[in-house]
1. Exactly one condition in (1) of a type outside the set (A, V, I, L, M, F, W, C); (2) surrounded by fewer than 16 Cβ atoms within 10 Å (Cβ to Cβ); (3) in contact (Cβ under 8 Å) with a residue 24 or more places away in the chain is not met by Pro435; state its number.
2. Report, by residue number, each residue of the stretch 562-585 that is part of a loop (DSSP other than H, G, I, E, B) and touching a strand residue (DSSP E or B) at 6+ places or on another chain (Cβ under 9 Å).
3. Taking the stretch 556-577 on its own, how many of its residues are among the aliphatic types (A, V, I, L, M), in contact (Cβ under 8 Å) with a residue 60 or more places away in the chain and open to solvent by less than 10 Å² (accessible area, probe 1.4 Å)?
4. Can you name every residue in the stretch 38-52 that is surrounded by 14 or more Cβ atoms within 10 Å (Cβ to Cβ) and either out of contact with any Lys or Arg (no Cβ under 7 Å at 6 or more places or on another chain) or free of Cβ contacts under 8 Å to residues at least 40 places away in the same chain (or both)?
5. Only one of Phe293, Phe319, Phe279 is modelled with pLDDT of 95 or more, closer than 23 Å to Arg244 by Cβ, touching a Phe, Trp or Tyr at 6+ places or on another chain (Cβ under 7 Å) and not basic (Lys, Arg); which?
6. Which of the following residues is farther than 28 Å from Ala347 by Cβ and touching a residue at least 40 places away in the same chain (Cβ under 8 Å): Val420, Val414?
7. Out of the stretch 146-160, which residues are at pLDDT below 95 and either buried (at least 22 other Cβ atoms within 10 Å of the Cβ) or assigned to a strand (DSSP E or B) (or both)?
8. Among the residues of the stretch 604-648, count how many are within 29 Å of Ser559 (Cα to Cα) and either in a loop (DSSP other than H, G, I, E, B) or of a type in the set (Val, Ile, Thr) (or both).
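The values are calculated or read from the model by the stated rules, or taken from the named source; none is laboratory data. No experiment lies behind these values; they were computed from the predicted model shown. For neighbour counting, all protein chains shown are included, and Cβ atoms are generated from backbone atoms with ideal geometry for every residue, glycine included. The protein model used for the area step is the full one, side chains on, heavy atoms only, and it has no ligands, DNA or RNA in it. Shrake-Rupley method; radii C 1.70, N 1.55, O 1.52, S 1.80 Å.
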Amino acid sequence: MARRIVECRTQELATTMHDPTTPGNRLAGETSPYLLQHAENPVAWQPWDSEALALARELDRPILLSIGYSACHWCHVMAHECFEDPALAALMNRLFVNIKVDREERPDLDRIYQNAHSLLTQRPGGWPLTVFLTPDDRIPFFAGTYFPSRPRHGLPGFGELLEHIATLYRERRNEIEAQNAELLEALQSLAVPPPAAGPLTPLPLDVARNQLEQQFEPRHGGFGGAPKFPHPTSLERLLRHWARSRASGTADSRALEMVEISLQRMAHGGLYDQIGGGFYRYSVDAQWEIPHFEKMLYDNAALLALYAETHAATGRALFARIARETAEWTLREMQAPEGGFYSALDADSEGGEGHFYLWTPEAVRAQVAAEDYPLVAARFGLDRAANFEGRWHLRVCATADELARRFGLTPEQVGERLAVARRRLAGSRAERTPPGRDDKILTAWNALTIRGLAIAARHLRQPAWGEAATAALDFIRNRLWRDGRLLASYRDGQARHGAYLDDHAYLLDAILELLQLRWRAGELDFAIELAELLLSRFEDPKGGFFFTADDHEHLIQRSKPAHDEAIPAGNGVALRALLRLGRLLGEPRYLAAAERGLEALGGALAHNPHACGSLLTALEEWLYPGATLILRGEPQLMAGWGAAQDFAPGRLRLVIPPGAGPLPGLLGEQPAADRPIAYVCRDGRCLPPAKDARTLRELLA
């Protein structure tokens, strides 16, 4: 990458009065909770819009772009230290046009400027992201993340940095322009992965499996060291690899073992909320003991599906319990009365990180029965040293079997007494000041949640979860679908921002999962509309899908993401969903688009397959098509036809009742009212119909 021309130097902090040529803080009219957190700052924050960008050009001032999100702990720290400081705010207002962006509302901007940060600094980014842009072309010439108000930890004080950046912009324009040209070229080279060098083969599937094993941490599960993220797409890849190997007759037990160890360690660690259910975002250590305490909707959606599927594959009760508690947390804490799901819970509460979740032995002793306290203390580590700032964050330190032996109980008795204690602790904790909640409703994250609830409801036979998923889908259709286009974000009655690739891909995938749980008229038509939007607005003629639509605001990069991040790559999800929908409908355009996309993104699969789990799933289903199973008849007459609990991740299974209306192909076959019928289709052809459950199982085998 180009040379980095900015070197921080110590200068005296100059305080100035507010510049009258700069408008005041304009965030009060926004809907994002993150932006509203900054609406009272003395900084003259602007939203990212044409007015702010024009102002920067008119004043010829660099743009100070600050990107974060409402649940971000270090965003809060920098806000308190810097953005609430009148002297620093005056300096920002005099020297820059200051723009604040919620990365969850504008993932397009966050994606671009995180990439730019990595190129400029040769380090991974994060939040808060602090980027300085030239006003005419919005190209960054300096980037960082958190900066303190005064020099600390090897970082310059924010005021010193501001003065230095402004001086560089005035005095070294030519060098900045040269660097910007190199940076823009580098960004364009990253935007579109190279195509496949030859025919698509299964090789990336096997390479990814081996890469994941090399990165696997056998003692504590998961991948790598601290900080440690759950990486559900990587674990799902291993689970699917095991399922495919089992179907071929040579089950890869090690792949399944890596999944089981990881899910067990996460469930027993501090990454999981042992009292209220649900997962925090990541662990600051390699043992899953102390988390970063924010809870994100998307993490819990992905892990809900993964625990439910792994229970279906293994039958382990622990995984069913964690899936159940995660679903219950999602419905209890995150679902709006209108049906959609909120975005996140903050890491901070009561003036500090994680305070809502921490305990002392005395507080626990006051809530549980006296005879149960030793059991609870041994279970959750209260009989050990404090593990977080003098208090205890609970994690599982002894299994039920170990506790049973130690206290002379049966494992069932241990489970019952712990369940009572957890309920009492949950009731006590509910009286504390809860962490803040980001109550905007994002289409993409809601789609992931619809998918997770649908999968869990199908495998664990919980129809209420399917009803909650249906309510969320109805919310999206009623509030975020307008004039044949999808919107990305909703809050306080306002739907905003044109939807991105992820919104369309995740929602199409979620509808196909929900249709496997129960059939409902009109949802297949909605899925088709989303597929058509993907092809007409997002597809690159060379194959694959851009992150933004063809009529989106022009930005300095238009990328085709292939790698999974905290959420799956939209391309992988879109290609798999189009394969499934194309085979279901017999629509060759969808199948051709999926093949084009896999070929166009094949270079990413060849270069770094383990980072492309979602794309690998699409490749796997293109190479090894699963069965499409269509059951026509009254659902109650077909309860035993192709058990819902079967773990067959490549299979698409739909039960369509009589009177479902005109449907294409085999979907339109109308059986007799009392004589159900089933079709099994593979490789573009359908086998003779099955008229009883025994015949169907023979066909599936």
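1. (2)
2. The one that is part of a loop (DSSP other than H, G, I, E, B) and touching a strand residue (DSSP E or B) at 6+ places or on another chain (Cβ under 9 Å): Ala566.
3. As a first pass, look at the stretch 556-577 and keep what is among the aliphatic types (A, V, I, L, M): 556, 562, 566-567, 569, 573-575, 577.
Right, trim to in contact (Cβ under 8 Å) with a residue 60 or more places away in the chain and you get 556, 562, 566-567, 573-574, 577.
Now narrow it down to the ones that are open to solvent by less than 10 Å² (accessible area, probe 1.4 Å): 562, 574, 577.
Residues that pass the stated criteria total 3.
4. Within the stretch 38-52, Ala39, Asn41, Pro42, Val43, Ala44, Ala52 meet the criteria.
5. Phe319
6. When all the criteria are applied, what remains is Val420.
7. Across the stretch 146-160, the qualifying residues are Arg152, Leu155.
8. 5
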